[in-house]
Structures are given as structure tokens and as C-alpha cells.
Amino acid sequence: METKTAAVSMRNVTKTFGSVVANDKISLDIYKGEILALLGENGSGKTTLLNMLSGIYFPDEGQIFINGKEEVIRSPKDALQLGIGMVHQHFKLIDVLSATENIILGLEGKLNIKEASKKIEEICDKYGFEVNPKQKIYDMSVSQKQTVEIVKVLYRGADILILDEPTAVLTPQESEKLFAVLRKMRDDGKAIVIITHKMHEVESLSDRVAVLRGGKYIGDMATRDTNVTEMTNMMVGHTVTLNIDRPDPVDPKPRIEVKGLSVRDEEGFLKLNDVSFTANSGEILGIAGISGCGQKELLEAIAGLQVTESGTIAYVQDDGNREMLIGKDPLKIAELGVSLSFVPEDRLGMGLVGNMDLTDNMMLRSFRDGRSPFANRKSPKELAERVVEDLEVVTPGITTPVRRLSGGNVQKVLVGREIASAPTVLLTAYAVRGLDINSSYTIYELLNEQKKKGVAVIFVGEDLDVMVELCDRILVLCGGEVSGIVDARKTDKNEVGMLMTRVGGGEKHE
Amino acid sequence: MSNAMKKEKKREPRFHIVKRESLVWYKAMSIRVIAILLALVVCGIITTITTGINPLNVYESMVAGAFGSTRKTWITFQNTSILLLISLALTPAFKMKFWNIGGEGQVLIGGLASAVCMIYLEGKVPNAVMILCMIIASIGAGMIWGLIPALFKAKWNTNETLSTLMMNYIATQLVAFFVILEEVPKGSGKIGIINQNSNSGWLPQLFGSKYLLAIVVAVIITLFMAIYLRYSKHGYEINVVGESENTARYVGIKVEKVIIRTMMLSGAICGLAGLLLVGGINHTITTTIAGGEGFTAVLVSWMSKFNPFTMIISSLLIVFMERGAGEISTNFGLNHSYSDILTGIILFFIIGCEFFISYQLQYCKKTEKSGKEEA
Amino acid sequence: MWSFLLAFIPRAIVQGIPLLYGCTGEIITEKSGNLNLGIPGVMYVGAISGVIGSFVYENGTSRMNPFLAIAIPMFCCLLGSLLMGLLYCFLTVTLRANQNVTGLAMTTFGVGFGNFFGGSLIKLVDSDVPSIALSATSSYFSKSLPFAEKLGWFGKLFLSYGFLAYLGVAIALAASYFLNRTRKGLHLRAVGENPNTADAAGINVSRYKYAATCVGCMIAGLGGLYYVMDYACGVWSNNAFGDRGWLSIALVIFTIWRPNVSVLASFLFGGLYILYLYIPTGMEHMEYQELYKMIPYVVTLVVLVVTSMRSKRENQPPASLGLPYFREER
């Protein structure tokens, strides 16, 4: 390794957002002719670190050396001039333009589509990409779009290539193709960094692994000298005891039965594949998985917000009768007498209306009550007052627009409303994301209270330490498939972490 | 997430623009008042330049034009009522973020429907029945005119700004067709006063005043709309759809249904305004009977921040400007379009001042690093 | 039939030219994501600015120089329209005001501006009719090629127009070339489609919006000038321009945002606009003419709905049309 030249050296780079330290004195070297896998859990600071290389963020402290020379990177343009190109998770492409037009967008000089197309074809031939320069972006599959993004970076002469979770949106076959291309680029002497969570990809693709955890640099090693267990341990760290209360389920009975559920997104990509499980009353079922593995689609399918392709979702009444929820919208589900509450991931974009005050947001669920043409504001107002008091929401008053509350308080308002309707099923997505310790514990307590009342709680989470202490069972999703359902009392987060990174997951144990 | 964004921008070295968290109402109000005052000063200066008259005389004759006599005052209030009515009609659609600029056409078609009733039912039914028919017909016609673009929008997401604009012209031509069809006398291209002798289909005068009916209707609709938007379930749904369609779907509100229902209401009230114009005020129909108020109402509704009570003041201000400028043009031998110029200037100031209510400029410290926020 | 077409087509074309200018200007504007509903006002301002310029020149000089007789009104017209464009941009781009509201206010202002100064000029000349004639200037504008008449039908169909008509076609074709074949055109389209992505690619979004809207307004203003100086033979009368500005906006939809299509489409619209004169109704039923006048609007509405139904991506409005761009609000 020492014989290679460091294309990029980052030294003691620190970046904070408000009070959160996203990167804490990180030093990292990237070499030419090498594929480096940057590994870490959600929120460990991988993307932030590389965004500083690509000019999106500016570091608070620390130095960056490119080919041995200290450089200041202020914008993506600066980064490209230094030969650094980043392919983001969210593509920056214009739908109605062709591949070529997107690739040359923003460059100077006379427009010559033909010449540009020729150059693009040369790049494609060299590395084995398949791009039709004339094809419009809206006609492309996700993997084709990604190819365009990569070619865009190469076209601009980048020799340091950063890919942020490139395989999150790809099928295994497409991933293999991408890997082949990346290997060719490595052999061509380019420096490549990929961010990923998936162990098998790290093993098959990378030459070296660097691990981040909680914004800190944990270490790096040659891929051939390590193994999945070691990497997982480095990634998730030692088990921390959080002392979250976990009462035993009382009289659990099946409440939600999902069988063979498959969902495709608008682009035709399979987001959920043949998912089956049962959620019991009086139990917290955790759903773990790398972000974007189908958690959102699963919850929205149960809540009646997602078009499904096949499979069934049944609600089991106390007397054993089954109500089919599939194909019904939220209103119809409520009319069946199924009291289903949903705390979505996008709090202000879906769960609440940011510009409305607390009372009006409480009304979202109850405004239809009664036969009067007028909406009853009295009970929502009382509810708002109660939520503010019970959950200790910090707010100037109940007439404050919720967008002006802090993240934790917004979440308390949302959760408070959702549990106020005495649900029998409670779906939560990333319920503690962005919340401080105290607010998080308030939310855990609320969920436990619901569990004790016999509610079937489905908890989509990202912090495995929390999940193994809070949940009763944990369902692990990987690439839209169930890779395992484990008893949270008997598992540890390494086992869950392994399942999260393994497509298919072998045998399914209920 | 917008409000928390306070990141520096690269190409603006000296200051940058930040969205305000919120502004207390009296500060926002005083910004608007200052803008209007500034606009009036500019208008005065321009008038002095173009006419050479003392600026104080300009304001004096404006006031005289709007409130100089009892009759003038009544007409000012009557015009205000009609403008207010149309603004109120457009408001629920705007709150839903549906840009209905078809008020003009919806008013016209409502007016046409009542004119049709007045002409074809004359002498065939009792007056009360005729008026009932007129009410139903004009409201119904307006509703249909609002429904058509709403259906397109709900079904295929057709751009409503452009479709409602086209509906305006279709309505204008229908009126033109009808006017020629029923012109009196033949070849004049005008209908003249309808049922001048029998007065049938003329809306009743209230308390002996021919101006009061429109005013009373406007007051009632203002109250209705304020209550409807603020307290009713429908109003709440409109609000949610306008703020976030995603949230609306999440709580099971059918967005398409709300769009269609709201546009029908919008059209219905415009139709009512048409009824008042034809049956109550002018007793005739022309293609210009709406007089561009359908467009002006867009501005009134928007500059009042969709608040029905603020709209009373806004529409009074606009009508005051129109009538005041009209007076100036008469007194000083200027063209009548002068009022449009003055109205335009005031609108530009009001439109511009909204920026200072929603955003603020922050001067950057020299030492601040530049960078960009994440996508 | 031939003689009918020979009479009809040139009339449709002269009707279509003001629409062509307005439409080309609005397409360029909309490609930057600005929906400028102020175009009707801009066209009035462009026309009256030209009229004022030529009025001053015609009355201020005894011997008119052909070059100045054309250059002065042109310059005034472009200047007036440019100022309107700057006003619109200042309010919508810099101050991020609502585009619909700003556009409507500009139309109110512009139409009032045109009619006010038109009316004032009419008062100044103290004529019997409520209009003002600038026949000397107009003769320069409407001059067609001297040998056009000798060329029979060919001359009548293709060569019988004033130079502004040809300029209008040239501008439309140039705009089409600009949008599809140049780098700046590509960047402009990117700004209208997705300002965030364009911004990330290093394109100055505000600058493009300003430039496109101002150029668009200047082109539209020329349409007003053509109407007065050539079509109306230099006669300004208030409100004579009518709703042609709105029709131009409608035409933009009809052409699905393509300036080269707008050449033929505007002639077609010009034809539809005067078609009612040619559909026999008999003296008894003149009222049907009014229904035939509806045709261009109904056709536009149908086109609008059909394009949204088929939802072919190329035929959609620029994706960010009507939305203000604020970088920090993503």
C-alpha cells in the first residue's frame, strides 16, 4: 500500500451542524488505483465527509491535500477542477434532456452534440458502460441514470470518483455490472471511493475498507486481511446498554398479517418482494434495515397509501375475523373500524402541516367527526393542550405553527396525536430521528405504554442498540426482502447487522 | 426544513437572503402601509409631472372622485361590493393553490344566464319565479364554468391558469353571440336595457336604494366565506390540500374531490356576481360587463393574503384608486386609462413589499466561509 | 378556391405576425421558468413607445430620413418593452413575488399605459376621430419589395409584407436554433426545467431568467409595434390591439413551446382569428360569427387538455414554470 501515491489526504477534518458533530477530526487517505469502501451505519458521517471533498460542505477545521498539495475546495466546480467527481444518491439530472445534454450541462464553449456524443461513446467503450447518448433521462431505468451520472463525472476529467451508496437503487445484476466497470476504472489508475453498508459488496469489490462510527474514524484495513464479523464489529461498535424498559407482552395475538406483499415504485423498481410477517397485539415489532430497503413502502402499504402489486394485508379483529386492508385508502380503513395510527418519516411534509398551528394539526385526524358542516375545534384544542402538557412540548402556545417548533417537539405533537385516537395498530417510522436523548426516551415510554394497552406497534428504526432493547421481535429487511425475523431478547446487534447486509437472508426463522 | 436553513451563499459576498421565521402582524401591516403610502407619493409625483397640477390637488380630487357626493359614495361602495364578491369567489381556489384566473368568464357566464332568463321568460312566469330562475341559472352557469377546468386539473393535471384563461374567452364569445342574437334594435350590436317597461327580472331594491342590494349580498358572502374558510370542514380540507397534498392523502382527504367541489363554489359565487351585475345594476349584458374585475380580483385576493375581511379594505382601495384616477382624468382632461396606470403602480409596490415581509437581508461577516447546503 | 386562398392567406399572415412576436417572446420567457402573464401589457407598451417615438420624430422634422423613421420607433419600442421585462424580473426573480399576480398587474399597467398615452396623443393632435395616424412612418414600415406585385400570386403570398413580418419569422427561427442548438439555449432549458440541477451545474439561474424574460419582452413588444405601424397603417386607437396578447400566450401552449412551430401556428391562428369573416352566415344570422370567433380559444383549450392527457414528456410545460427559485429552499 505504501508504494501507491495518495491522491487525497484528509487531515483532522471536522464538520459540525449546530450542536451535532458530524465528523470529528477525521484523517483519511485515498489512493490511486484502489477501490476504498467507506463503511458505517446511518448517521456515522460518511456522506458528510465525502461531501466536503466534492465541495458541497466546507470543513470547519482540518486540511485536504490533493496529490500532496493542500487545496481549498469551495464548490463542486472547484472539486471537479481538482479531478474529484461525486455521484450522489439523488441524481442531479434533467428528465427531458438527453444523456449527452445532461452530461455536458454547465460546460463552456460552442455546443457540439455530435462531438460530445462521440467522446461519451469513447468513455463508455473504455470502461464498458452502456449509454445511448440520445436517450432521454425519463426513458431510463435507475441504473441507466446512474451510469449517466458516472459518465458525467468522467467526461469532466475526474480521476477521483466518489459514489454515495451506488447500489442502494440497483438490482444485484446491475450492481455486478457496475462493479465490473469500477474495477476497470481502478485498473486504469483512478481512485474510487464507495459508500456502502453491504458487507458482501465490500468483500467482492473493495481493496481497502475504512470504517466510521458516530462521526469518528475507527480504522482501516486491507479487505483481504479482514472478514465480515470484524467489519460488522467495527461498524456497530461495542454494545451499549441503554436501559430502555421492555415489559413482557401480555397475551399477544396476531393483529396484522402480511402475506407475500410486493410493491413496485413508479419507475417499476421492486421495492418490496414477497414480504410476509405477522405483527401481534401487545408487542413491539421492530423493522431494521439499511435506509431505502422498503421500510417506507411497507408502512405505507399497511396504512393504505401505497399501491401494491401482489400479496395481502389483513387486520385480525379480537374475535378472529379478518378485514382485508389491501386496496383501501386511509378513509376506508378507518370506516372499517380499524383504528390505525401512523407516524410517518416525513413529519412536516406528511404527518403534519407545518404552517398550521397545534390545534389545527390535531384536527387532521378528527375534523370529520360529527354531522355538522363545521369542524369541531374544541376537542382538538383540548387535545393539543393535553399533548403539550403530558409530553412536555416546548412551544410558545397552541396557536404556534408547528414548523416553528424544534424537531423533538414536532415529533411529540405528531406522536401525541396519533396515540390519542386509541389505536389498535401503531406504525412509526424513524420515530426518534433527530431527537435528543430525553425526547427519545419520552417516545420509547409512549410506545411501551401503547404496547401495554395491547396495541400492535410496528417500529421502523435505525439505531440497532435501541432496537434490541426496545423491541420484542425484529424483522430485518434487506433490499426489499425479509432477511430474517429474530427474537430481540435473544439476539444482539451484530446478528441483526449481519442480516441487514445479506440479501435474501437464507432461511427465515419466525 | 426551509426555515432552519441559514447557510451562506457563495456569489453574494456582502449580504444574503434569509427566509423570515415570521413577522408580528403589526410589523407586517406597517410594511404594507408604508408601501401603499410610497406608492401614493409616486403616483402623486407622476401625476404632477404629466399634468403639472399641485400634488395635493391630485389627492383632493381623488377623494372627491370616490366620495365627493352621496351618489358617488354609493357607487364606490357598490363597485367595491362587486369586486369584493369576485375576490371572495376566487379565494377558496387560491387557498387550495389552484390559480383560477377565470373569474372574468365565470362572472360573464353567470350574467349571461340571468340575461337569458330575463329575455325568454318575460311575460311567461311571475316575477318572483323569474328571479328564482335567474338565481339558479346564473349560479349554475358559473358553477359549470368553474367545474370544467377543475375536472381537467383533477383528472389530467391540466395547467389551470391557462385553461381558465381560455374559458374566459369562450364565455366572452358566447355573450357576444347572444348579444347579436337578441340585439335591440337590429344591427345595433347592443341589447340595451332589458325589460325596460315591465322591469321583470330586475332584482328588487332594498330599502328604496338601488345600490344596497349588491352591498348586502357582498356583506353576507364575506361573512359566509370567512366562516366557511375558517370553521367549516370543507374550509379545513381546502387548507390542507393547499398546504400539502401529501398530508391530505395521508389523512384520507380526496384531493380531486376537493378541487372539483371548491372550484364549483368559486364559480357559483362568480355567477352570483354576474347575476347582480345584470339583474341588479346594469339590466343589460355586454361582453365587457365584468370589466376586467375578474383579473383585478386575483390581485385583491392575493394582496389580502386570502383573508375575507382584509379583502374589504383591499377592494375598497382598488375601487378608490380607479374612481379617484377617473376623476383626475375628467377634471384635468386626461385619458380615463390613467387609473390603470396608478392602480398598476400601487400593485407593484404591494407586490414588491411582500418580499420584505417574507424574507430579510442579512449582512455577512467577512470571515464567513462559503459553502453550499446539501441537496 | 384559389382566389379565395390568395386573398385569405396573406390576411391570415398579417393577423398572425403580432401573435408570432408575442408567442416567440413568451416561449423564450417560459423556457426560463417564468410564466409572464404581463405579455399583453408589454405588447401595449411596446406599441405605444414606438408610436410616441415616431410621433415626436414625425412632428419634429420636416424631412424624414427613412433610416431614422424606422430606427427611432424601433428603439423606443425595444426600450419600453425592456423596462417592462426588467420590472417583471425584479419583482419575480429578485423579490420572488408570485408570477401570476405580477403578470396580471403588469397587464393592467401596460394596457393602461398604452391607452393613456395613446389617448393623450389623440388629444394633442385634436383630431375628429379617436385615433392618431402616423402614415409617414407607417409607409416606411409597411414598404414591401417593389417587384412583389409583378410576381403575381407568388409575390402576393410571400413578398407582400413589411420588413417586420420577415423579421418576426427570422426571430422565431433564430429562437428555435438558439434553444436547440446552442449551449446557452441548453442552459436556458435546464433552468426552466430544474433550476436546482442547473444551479448545481454552475449555471447562474437568476441571470438566465433575467436575460430570457427581458429578451422575450422585447420581442413581444415588437409585435405591438408591427400591429400599429404595419397592420394598422400607423393608426393608433385605444384598445384596438385587443386581446392579441392573451392569444399569444395561448399560442405558446398550442405550439408546445417550440418557436419554429409557432411560425406556422401563428399564421394558422391568424387564420382562425379572421375565419369568421369567411364562413358564410347570411345576413340574417350574423350572430354565428361570434361563435366562430371562439374557435381559436376552443382549439387552444383542447390542445392544452390533450397534451396533458397524453403527458408525453417533451410536450409538457417547462417543469418549474411559475415557481420562484430560492436556492436555500430545496
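Taking θ as phi - 60° and the Karplus parameters 6.51, -1.76 and 1.60, the scalar couplings of the range A:98-109 work out to 7, 4, 4, 4, 5, 5, 8, 4, x, 7, 9, x Hz in sequence order, x denoting glycine and proline. Which helices of chain C meet both criteria: a Cα extent of 20 Å or more along the helical axis and a mean Kyte-Doolittle score no lower than 1.6, with helices taken as whole DSSP H segments? Answer set is C:66-89, C:295-310. What percentages make up the Cα-Cα pair-distance distribution of the range C:2-315 when the bins are 10 Å wide from 0? So the P(r) values, bin by bin, are 6, 26, 34, 24, 9, 2, 0. With neighbour counts taken as other beta-carbon atoms within 10 Å, the residues B:PHE207, B:PHE94 rank, fewest first, as B:PHE207, B:PHE94.
A simple charge model with +1 on the Cβ of Lys and Arg, -1 on the Cβ of Asp and Glu and nothing else charged puts the dipole of chain B at about 1240 debye relative to its Cα centre. Each of C:ALA47, C:ILE132, C:THR102 was scored by the projection of its Cα onto the charge dipole of the range C:2-315, and the greatest displacement toward the positive side belongs to C:THR102; charges sit on the C-beta of Lys, Arg, Asp and Glu. Computed from point charges on the beta carbon alone (+1 for Lys and Arg, -1 for Asp and Glu), the dipole magnitude for the range B:222-375 about its Cα centre is near 440 Debye. Taking the number of Cβ atoms within 10 Å of each Cβ as an exposure proxy, the fewest-first ranking of C:TRP236, B:TRP156, C:TRP2 is C:TRP2, B:TRP156, C:TRP236. Residues whose amide H comes within less than 5 Å of that of A:MET86, counting only those at least five positions distant or on another chain, are A:ILE162 (H built at 1.01 Å from N in the peptide plane). Against the main long axis of the alpha-carbon atoms of chain B, helix B:255-275 sits at an angle near 50°.
Within the same chain, lysines fewer than 8 places from A:LYS453 are excluded, and of the rest, those with a Cα less than 22 Å from its Cα are A:LYS253, A:LYS412.
Explain nothing, just the number: relative contact order of chain A, from Cα pairs under 8 Å at least 6 residues apart, as a whole percent. Show your work: numbers first, answer last.
On the way: 1038 pairs, mean separation 74.1, N = 510.
Computed over chain A, the figure is 15 percent.
Ignoring lysines fewer than eight residues from B:LYS233 along the same chain, the ones with Cα atoms less than 20 angstrom from its Cα are A:LYS332, A:LYS378, A:LYS381, B:LYS95, B:LYS97, B:LYS254, B:LYS257.
DSSP beta bridges confined to the protein assembly as shown are antiparallel in about 60 percent of cases.
Among the listed pairs A:LYS69/A:LYS119; A:LYS198/A:LYS452; A:LYS46/A:LYS177; A:LYS46/A:LYS271; A:LYS15/A:LYS77; A:LYS296/C:LYS31, which are separated by more than 27 Å between their Cα atoms?
A:LYS69/A:LYS119; A:LYS198/A:LYS452; A:LYS296/C:LYS31, as the Cα separations exceed 27 Å there.
As an equivalent ellipsoid, the protein assembly as shown spans semi-axes of 59, 39, 27 angstrom, where each value is the square root of five times an eigenvalue of the C-alpha gyration tensor, largest first. Where the centre of each part is set by its Cα atoms, how far does the range A:437-490 sit from the range A:288-303, in angstrom? Cα centroid to Cα centroid, the span is 14 Å. Total lysine pairs in the range B:98-215 at Cα distances under 27 Å, for residues eight or more apart or on different chains: 4. Note on chain B: dipole from Cβ charges, positive end direction compared against B:TRP145, B:PHE355, B:HIS283; the farthest Cα belongs to B:PHE355. With Cα atoms defining each centre, the range B:109-173 and the range C:210-267 are spaced 30 Å apart in the structure.
For the range A:263-500, the dipole from Cβ point charges (+1 on Lys and Arg, -1 on Asp and Glu) about the Cα centre works out to 700 debye, to the nearest 20. Screening chain A for whole DSSP H helices of 15 Å or more along their axis (Cα) with average Kyte-Doolittle hydropathy at least -0.5 returns A:142-155, A:407-420.
Determine the distance separating the Cα centre of the range A:14-76 from the Cα centre of the range B:49-78; give it in Å without decimals. Their Cα centres are 68 Å away from one another. With Cα atoms as the point set, the range A:6-236 shows a radius of gyration and Dmax of 17.4, 54 Å. In summary, the aspartates and glutamates within cross-link reach of A:LYS451, defined as a Cα separation below 17 angstrom excluding same-chain residues under 8 places away, comprise A:ASP245, A:ASP248, A:ASP251, A:GLU283, A:ASP318, A:GLU418, A:GLU469, A:ASP472, A:ASP487.
Between B:ALA176, B:ALA137, B:ALA115, the GNM of chain B built on Cα springs shorter than 10 angstrom shows B:ALA176 fluctuating the most. Taking other C-beta atoms within 10 Å as the exposure proxy, A:GLU382, A:GLU71 rank A:GLU382, A:GLU71 from fewest upward.
Over chain A, what is the percentage of antiparallel beta bridges among all DSSP beta bridges, to the nearest 5? Rounded to the nearest five, the antiparallel share is 55 percent. Only one residue of C:SER3, C:ALA265, C:TYR278 has its Cα farthest out toward the positive end of the dipole of chain C, where Lys and Arg carry +1 and Asp and Glu -1 on Cβ, and that residue is C:ALA265.
Every number in this text was worked out from the coordinates using simple rules, so none of it is lab data. Note that the structure is a prediction, hence the values are computed from the model and not measured. FYI the Cβ positions are ideal-geometry reconstructions off the backbone, even for glycines, and counts take in every protein chain you see.
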